[in-house]
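For reference, the structure is listed below as C-alpha cells.
The values are calculated or read from the model by the stated rules, or taken from the named source; none is laboratory data. Note that the structure is a prediction, hence the values are computed from the model and not measured. Counting neighbours? That spans all protein chains shown, and the Cβs are built from the backbone with ideal geometry, glycine included. Remember, those area values only see protein heavy atoms, side chains included, never the ligands or the DNA or RNA. Shrake-Rupley method; radii C 1.70, N 1.55, O 1.52, S 1.80 Å.
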Amino acid sequence: MLTTDQSIKILIVDDDEDDFYIISDYIRGIHPSRFVLHWCFNYLEALAQMKNHNYDLYFVDYRLGVKTGLELLKEAISFHCDEPIVLLTGKGNYKVDMEAMQAGAVDYLIKTELTSEKLERCIRYALERSASLKALKANERKYRNIFERSKDAVFITNEDCRFVDMNTATCKLLGYSKEELRKINLCDLIENETYRDIYLSLLNEKNEVDDLEVELLTRPNTRINCILSASAETDINGITYVQGIIHDITNLKKAEKATIQAEKLAAAGRLVRTLAHEVRNPLNNINLSVDQLSHLVSRDDNHFLLDIIQRNSRRIGGLISELLDSSRPAELIMEKHPLQGIMDDTIASAIDRITLQRINLQIKYTDEPAFVMADREKLKIAFLNILINAIEAINKQPGNIRIDIASRDAKHLVQIMDNGSGINEENLSQLFEPYFTSKRNGMGLGLASTLTILQAHKATVDVQSKIGNGTVFTITFEPIK
C-alpha cells in the first residue's frame, strides 16, 4: 500500500481519451488516493513536461500518432528526465518490452490486464526505485566532487597499472591530459626500477601500497618526489582495479635539502673559523721568525730557504682568507634587477670558453622581465660558477647548454642545462659541501660559495643529473611583490 502523505502528480500520455479515463479510474481506486492526474495527448507537449520535471511519474502509451511512446521515452531520458516512466501498450510484445526496459522504462504494462492492485504495485515500485536512483546519483555527484576537487592526485588504474580514471590534480601534477594518461602505464612514470618492482610486489602480495616514497617522471621530463599509496579492489563484476593517491612532496624535499645544506655550511663555517684561528697564530709566529732570521742570514748563506718558507706562509695565509670568505655570509647590496639582464652579463663573461669548446648555446627567456631583489655582481658570480661547471662537464660533441628563465606558479625559475658527463648520486648529495670536489685541481669552494650567495638571495637550488645524459640546475627565486 502507498503510505506517502504528499500528493503524487501523474501525467498520462495517451492519444485516446477513453483510455485515460479507464486508467484514471483504476488509479483512483488505490487507497489512500493522493494522486493528481493529468492527461496529455501531444508528443511535443509531453516531452516539454518531462524536460521540466513537472510530474512525479509518467504513464506513456506506445502508440502516439506518427511517433511512438518508445521514442518519447528515449528522447525524455536524453534530456535527463530522471522521473520514472511506465510504457503502456494494447497487447503484449516481448521485443517492445525488452527495448523499453533497456531504454530506461521502469515497467511495461498491458492495458487489458490493468487492475488497481497491479497499478498500485507498479507506482509504489517505480517511486521507490526513482528515490533510490536519485539518492545514488546524489552520492555519486558528492563523491565525484570530492574526487575532482582533491588537491592530491587521485587515480584509478586497471590491474596492469594502465590509467583508467583520474582527477584534475593528477593531470596537473603529471603534465598530461586525461586522454593522454589513459594511454600511459603508471609504472612507466616511476623513475627507479627498484621502487617500480616494490610497488608491483606490494600490490600483488598485500593488495595495498602504503606511503611508498618514489620519484615520478612528469612532462616535460621533470622528476618530482611523491608519496604513493594504492589498494587493489574488485568491482561488482569481479574485475580488479587499483585506486590510489599521489601526494607531491617535492617542495618539502627541497626545503629539507636546503635546511641540511644550510646546517652543513654553518658547521663548516664554524670549523673553518676555529681552524683559521688555530693555524693563524702559529703562522704569524713563523712569519715573525722568518723576518728576524732574514736579517741574520746573509744572502749567500741559504737565504733561498727562508724565501721558500715565506712564500708558502703567505700561500697558507691566502688559503685561510679564501676559506673564511667562502663560509662568511656575503654582504649584499640589494637592488631591483631583471634576471635576464644578470644572466646576459654571466653569458658574456663565459662566451669565449663556450665558443672555444664549440658548445651550442640555447637561450630561452620569458617575455616579461623577471624582477628580483639582488646584488647583481654577487648573483652573476653564482650563475657563472654553475655555467663554468656545465662547460667543464661537457666532454663530447656536439656539446649543448641551454639556459631558460621562466615565471611559473608565482616563482621565477632559472634553469641551466648541459649534456655533459653527469654527476653520480653519491657526489650529487655532496655537491654544495665546502671543500668537496671531483676536479683534479679544484678546491671545492665554487659551488659552496654559490649556495651561500643564493641562500642570501632567499633562492633555492635543485640539481637533477644522470650519468652520460647531463645535469640540470634549477634555481627558484621569489618575485618582487
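What residue, among those in region 46-70 that are among the aliphatic types (A, V, I, L, M) and modelled with pLDDT under 90, is farthest from I10 (Cα to Cα)?
By that ranking, first place goes to V66.
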Residue that is most open to solvent (accessible area, probe 1.4 Å), among those in region 215-247 that are out of contact with any Asp or Glu (no Cβ under 9 Å at 6 or more places or on another chain) and not in a loop (DSSP other than H, G, I, E, B):
T234
Within region 200-209, restricting to residues that are open to solvent by less than 90 Å² (accessible area, probe 1.4 Å) and not in a strand (DSSP E or B), the one that is farthest from E148 (Cα to Cα) is S201
Does region 45-54 hold any residues that are farther than 16 Å from G104 by Cβ and either in contact (Cβ under 8 Å) with a residue 24 or more places away in the chain or under 49 Å from the mean Cα position of the chain (by Cα) (or both), and which are they?
A48, Q49, N52, N54
Can you pull out every residue in region 377-401 that is assigned to a helix (DSSP H, G or I), farther than 16 Å from D352 by Cβ and open to solvent by 70 Å² or more (accessible area, probe 1.4 Å)?
E377, I381
Looking at the structure I just gave you, is I30 of a type outside the set (D, E) and farther than 21 Å from A76 by Cβ?
yes
Picked from region 5-44 (must be open to solvent by 30 Å² or more (accessible area, probe 1.4 Å) and of a type in the set (V, I, T)), the residue farthest from Y125 (Cα to Cα) is I22
Kindly check whether there is at least one residue in region 406-417 that is under 28 Å from T355 (Cβ atoms), assigned to a helix (DSSP H, G or I) and at pLDDT 75 or above.
no
Condition check: farther than 23 Å from S78 by Cβ, open to solvent by 40 Å² or more (accessible area, probe 1.4 Å), under 40 Å from the mean Cα position of the chain (by Cα) and without any contact (Cβ under 8 Å) to a residue 24 or more places away in the chain. Does Y143 satisfy that?
yes
For L212, all conditions in the list (1) of a type outside the set (V, I, T); (2) within 22 Å of D409 (Cβ to Cβ); (3) assigned to a strand (DSSP E or B) hold save one; what is the number of the exception?
(2)
Consider I453 carefully, then state whether it is part of a loop (DSSP other than H, G, I, E, B), surrounded by 19 or more Cβ atoms within 10 Å (Cβ to Cβ) and modelled with pLDDT of 75 or more.
no
I'm trying to understand the selection: among the residues of region 151-188, which are in a loop (DSSP other than H, G, I, E, B), surrounded by fewer than 18 Cβ atoms within 10 Å (Cβ to Cβ) and either in contact (Cβ under 8 Å) with a residue 40 or more places away in the chain or not hydroxyl-bearing (S, T, Y) (or both)?
K151, D152, E159, D160, G175, R182, K183, I184
Check T222, T250, T218, T234 and return the single one that is among the β-branched types (V, I, T) and more than 14 Å from the chain's Cα centre (by Cα).
T234
From the residues in region 64-95 that are surrounded by 15 or more Cβ atoms within 10 Å (Cβ to Cβ) and over 50 Å from the mean Cα position of the chain (by Cα), which one is nearest to Y26 (Cα to Cα)?
L88
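So which of E208, E191 ends up being under 16 Å from the mean Cα position of the chain (by Cα) and charged (D, E, K, R)?
So the residue among E208, E191 that is under 16 Å from the mean Cα position of the chain (by Cα) and charged (D, E, K, R) is E191.
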Just one of the numbered conditions (1) open to solvent by 40 Å² or more (accessible area, probe 1.4 Å); (2) assigned to a loop (DSSP other than H, G, I, E, B) is not true of G422; which one?
(1)
Given the criterion in contact with a Leu (Cβ under 8 Å, 6 or more places away or on another chain) and charged (D, E, K, R), identify the matching residue among R149, R219.
R219
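Within region 456-481, how many residues turn out to be among the small types (G, A, S) and open to solvent by 20 Å² or more (accessible area, probe 1.4 Å)?
The qualifying residues number 3.
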Given A267, A255, which one is of a type in the set (G, A, S), loosely packed, with under 15 Cβ neighbours inside 10 Å and under 22 Å from the mean Cα position of the chain (by Cα)?
A255
